[in-house]
Ligand code: FES
């Protein structure tokens, strides 16, 4: 789904950027150009970043905690 219409950026691209290390809107804007024109997409893009970070936190303990294995 398109999140940033001005720059034709999808939620999938935002999630991929987050998976590659993007952690905040400044980084996302620098990486993809999200919210660099009208700014209408900024809140939605930030929400996708937050969701991605929360998902990563839920997954990381299983990956990095040897005692959980
Ligand atoms: S919709 Fe993203 S800058 Fe306009």
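Only the coordinates and a few stated rules stand behind these numbers; no lab work does. Remember, it's a predicted structure, so these values are computed and weren't measured experimentally.
The value given for the chain is a Kirkwood hydrodynamic radius of 12.6 Å, derived from the mean inverse Cα-Cα separation. Using the rule -39500 (n - 2.57) for each DSSP H run of four or more residues, divided by the residues of the chain, the 222 nm mean residue ellipticity is -18500 deg cm²/dmol.
As I understand it, the value is the acute angle between the Cα axis of helix 42-64 and the longest principal axis of the Cα atoms of the chain; what does it come to in degrees, rounded to 10? Compared with the principal axis, the helix lies near 10 degrees. Which of 59, 48, 14 ends up with the largest GNM mean-square fluctuation for the chain, with Cα atoms connected below 10 Å? Between 59, 48, 14, it is 59 that shows the largest mean-square fluctuation. How long is the gain from residue 50 to residue 38 if the chain were fully straight, where each residue apart is worth 0.36 nm and the alpha carbon distance is subtracted? Going from the current span to full extension adds 2.2 nm. GNM on the chain, C-alpha springs below 10 Å: top fluctuator among 54, 27, 13? The residue that fluctuates most here is 54.
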